[in-house]
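Take a look at the structure set out below.
Nothing in this text is a laboratory measurement; each read-out follows from the coordinates by a stated rule. Remember, predicted model here, so these are calculated numbers, not experimental data. Ideal geometry is used to build each Cβ from the backbone, glycine not excepted, and the neighbour counts take in all protein chains shown.
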Amino acid sequence: MVVFLVLTLLFWFSFSRLRFAWGWDAVYSYRAMFLNGWLVTIAISSAAMGISLVIGLATALAQRAPFLPLRYLARVYMEIIRGTPLLVQILIFFYVVADAFGIGNRYLVGIIILAMFAGAYISEIIRAGIESIAETQLESARAIGFTRTQIYRYVIFPQVIRQVLPPLAGQFASLIKDSSLLSIISVSEFTLNAQEVNAFTFSTLESYLPLAIGYLLLTLPISLWSKRLEKRFRYAT
Amino acid sequence: MRKDFAMQLNISGVSKSYGDHVALADVNLRFSDIRAVALLGPSGSGKSTLLRILAGLEIPDAGDITLNGDRLQSDENWLLYHRRSVGTVFQSFNLFPHLTALKNISLPLEKVHGYLPDEATALAMQLLSRFQLSGHADKTPAQLSGGQKQRVAIARAVAIKPRLLLFDEPTSALDPEMTVEVLDLIAELRQEGRPLLLVTHEIGFARKVADQVVFLHEGKVLEYGNAQQLFEQPSTPEMRGFLDKVLRY
Amino acid sequence: MNIPAYYLKMVVLVLVASTLVIAGCQGRKSPGGQDTLTVGMELAYPPFEMTDEQGTPKGISVDLAHELGKSLNRKIVIQNMAFDGLIPALKSGKIDLIISSMTITDERKQSVDFSDPYLSTGLCLLVGKKSPITSIADLDKPGITIAVKKGTTGHIYANKNIRHARVLVLDKEAAAVLEVVQGKADAFIYDQMSTYQNWKKHQDTTRALLQPFQQEKWGIALRKGDTQLKEQINRFLKSFRAQGGFERLGDTYLKEQKETFKELKYPFYF
């Protein structure tokens, strides 16, 4: 990782010697915008992640529910969310649906949209986790005399949680990146702020490089943590 | 010691089908004093089904079963109570992979049988050392060999002081070395006098260890009774043919 | 770190290759060769920059560009791109000129050169029907929301002058108008002519406060130091105006606006 960074830096510096006039000063004077945007991105992503976990869990369970309309509803929700681009969902949801319901706060709407988007993918992760528990284990638990609740509490959930934590962490990283699309409805997150700085300073590379680095600062630790979790919880059934 | 474990088993007219497939057809058995019962027969003869019914995991379509005067009922609450009084060991995947060997034994004691955590742990450690597994107490199933896993599973079944032990082909998934360590353990349990029902392909073992034998064929009980007698003189051609095949090599 | 050696080599190779490619692209003068002038504009600003049903560029700026090409005897290629990307594209050589109704400002002059101004207009407000705003004085108050389009002089004005109201930065003019129409924003700071057009399209949800509060002049942008081209363009603008070229363009595309502004006694553009 260190080697990689050093190499990149080396290349950028030799590049700059060539003929590119860097405008770092102009961009540096806007550093407050970068910081604010970065913090807003973190806040929105975290809030959306929390809500999406609830939505994802509810949907995963709904898909296994004996009550058929509930199952159907869950399927429809998932097909729509996973079959359309997030950008389209944001535009429709904010300018059509939220408007019809009179919800004006675009930050709230943005968080809800992100949560609904991630929720569909999370429900798949959870469902796969639940179904990965071998039938025979549940048999074993039954034979011991555990009640249904006990089986969920002591056998299914501990294993499901270990199973889904790595992909969930990955989903969180995706959410952070996807939050950049909220710039389209003027949510003042990281990407929009960088774009504004670019608009004022005309220094595109100098505005967008910190943007990329800022996102990496968030997603890299998550992906490393996710890999560590995977290793820890890997065991043969 | 024998007196405590005395177990009467009556099975009359029990049938069970899965869709079109008839697993058990009118099974009748009478044992006034079960000791080590071996359930034998070719594949698909209904041995596992019968065992699972006795374990409280399936409900027969028809018929009656009484264990020491207790009639097996189809009510879920009753079955829960029944399962807790019976210890079952399956062919594989008995243990919970996210728990240590110790926890696998002590958790049911705590949560199902109301032991205090310290008592449960102490009892679990006791059994583990009795089965020569104390060094493995803190290992997860992934770190144990097949034979060790099965022995922990047996410890778990024994820990609850069951009135009946059921084994569904406990060594079929093991290689010969590990098979022996598990069979040794079962033989030990039989020495203690615990009533146990064993579905197995290890006919040699059954010959040595079983007190009683039940021979199933296509869902019906063709022969049952004293082990020695049946092995020496099988009365039905099916059993004779079966024994001939399995004991050939 | 056990990154396999071959993987690391691949990464280094890719880095080298991409750096060389980017460096190679830097110095090019004109993407189309010496005889072509690539003109950048955002085709989302009727009637100056727009497209017809087939997607071909059309409008006042397009016609102006082609007239310029004729007078300089060079081929004109129109390049459509987002407004806030025009100056970076000019600086990096992707385009040679910007004819996109771009206001001449001091900040922009730091990055690019401008021709003589060819049009005067002013910033004004498109206001929601239910909004309490009646003039520019009502604008910078807490509780007010102002929409601007990214990179425009409206955006720059808001960034400089608005301290108490909330500023919404949108990508597209249509999005900003929608915000006002839906009542999510109180006002949209934009130029007179577009504000007039947008009001006409949404007469039951908006009002137009066409009195300009900031005068602006539009120019053609080109790379710094390209004095020869600048002189050529200025000469063209002078002669085009003398020949009545702008009058013609005004009559073709802005007939209605001309009439309305005459009535309102606002000075008309060219």
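Summary of computed values
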{"item": "Chain B: most fluctuating residue of B:Gly135, B:Gly63, B:Gly225 per GNM, C-alpha cutoff 10 Å", "result": "B:Gly135"}
{"item": "Residue-averaged beta-carbon neighbours from other chains (10 angstrom radius) around A:142-155", "result": "6"}
{"item": "Integer Hz, Karplus 6.51/-1.76/1.60 couplings in order for region B:50-62, x for Gly and Pro", "result": "4, 4, 5, 5, 5, 7, x, 8, 10, 10, x, 6, 8"}
{"item": "Inter-chain Cβ neighbour average for residues C:153-162, partner chain, 10 Å", "result": "1"}
{"item": "Charge-dipole axis of chain A as Lys and Arg at +1 and Asp and Glu at -1 on Cβ define it, positive-most pick from A:Ala62, A:Leu35, A:Ile80", "result": "A:Ala62"}
{"item": "Around A:Ile222: net Lys/Arg minus Asp/Glu count, Cβ-Cβ under 13 Å", "result": "+2"}
{"item": "Those aspartates and glutamates that a straight Cα-Cα span of less than 17 Å connects to B:Lys103, excepting residues fewer than 8 apart in one chain", "result": "B:Asp118, B:Glu119, B:Asp138"}
{"item": "Residues A:Leu211, C:Leu170, A:Leu68, sorted so that the one with the fewest Cβ neighbours within 10 Å comes first", "result": "A:Leu68, A:Leu211, C:Leu170"}
{"item": "Long-range HN-HN contacts of C:Val167 with modeled amide H, under 5 Å", "result": "C:Ile146"}
{"item": "Whole-Hz ³J(HN,Hα) from phi, Karplus 6.51 cos²θ - 1.76 cosθ + 1.60, for region C:36-47, glycine and proline x", "result": "9, 10, 8, 9, x, 7, 9, 7, 9, 9, x, x"}
{"item": "A:Leu87-B:Glu119 pseudo-label distance in nm [points 7 Å out on the Cα-to-Cβ vector]", "result": "6.6"}
{"item": "MRE, 222 nm, helices only [DSSP H, n ≥ 4, -39500 (n - 2.57), over the protein assembly as shown, to nearest 500]", "result": "-16500 deg cm²/dmol"}
{"item": "Point-charge dipole on Cβ atoms (K/R +1, D/E -1) for region C:122-215, about Cα centre, debye to 20", "result": "100"}
{"item": "Anisotropy class of region C:122-215 from Cα gyration tensor, a/c 1.5 cut", "result": "rounded"}
{"item": "Per-residue Cβ neighbour rank within 10 angstrom, fewest leading, A:Ile103, A:Ile125, A:Ile90", "result": "A:Ile103, A:Ile125, A:Ile90"}
{"item": "Global form of region C:52-178, assessed from the alpha-carbon gyration tensor, a/c cut-off 1.5", "result": "prolate"}
{"item": "Environment charge of B:Asn77, counting only residues whose C-beta is closer than 13 Å and scoring Lys/Arg +1, Asp/Glu -1", "result": "+1"}
{"item": "Computed E for A:Ala43/B:Asn77 - FRET, C-beta separation, R0 35 angstrom, nearest 0.05", "result": "0.10"}
{"item": "Cβ-placed point charges (K, R +1; D, E -1), dipole of region A:29-233 about Cα centre in debye, nearest 20", "result": "700"}
{"item": "The protein assembly as shown - Rg over Rh from alpha carbon coordinates, Kirkwood radius", "result": "1.21"}
{"item": "Computed magnitude of the charge dipole of the protein assembly as shown (debye, nearest 20; Cβ of K, R +1, Cβ of D, E -1)", "result": "1360"}
{"item": "Two-site label geometry, B:His201 and C:Thr51: point separation in nm, points 7 Å out along Cα→Cβ", "result": "7.0"}
{"item": "Cα-Cα over 19 Å, subset of C:Lys109/C:Lys224; C:Lys109/C:Lys230; C:Lys129/C:Lys258; A:Lys231/B:Lys139; C:Lys200/C:Lys255; C:Lys149/C:Lys184", "result": "C:Lys129/C:Lys258"}
{"item": "Max mean-square fluctuation residue, GNM over chain A, Cα-Cα springs under 10 Å, options A:Tyr30, A:Tyr77, A:Tyr152", "result": "A:Tyr152"}
{"item": "Positive-end residue, chain B charge dipole about Cα centroid, Cβ charges, pick of B:Ala153, B:Ala137, B:Asn10", "result": "B:Ala137"}
{"item": "Amide H within-cut-off set for C:Ile76, under 5 Å, with H built and near neighbours excluded", "result": "C:Leu37"}
{"item": "Taking A:Ile133, A:Ile161, A:Ile126 and counting other C-beta atoms within 10 Å, the order from fewest to most", "result": "A:Ile161, A:Ile133, A:Ile126"}
{"item": "Distance from region A:53-125 to region B:3-79 (C-alpha centre basis), Å", "result": "50"}
{"item": "Net charge contributed by nearby residues that have their C-beta within less than 13 Å of B:Val209 (K/R +1, D/E -1)", "result": "0"}
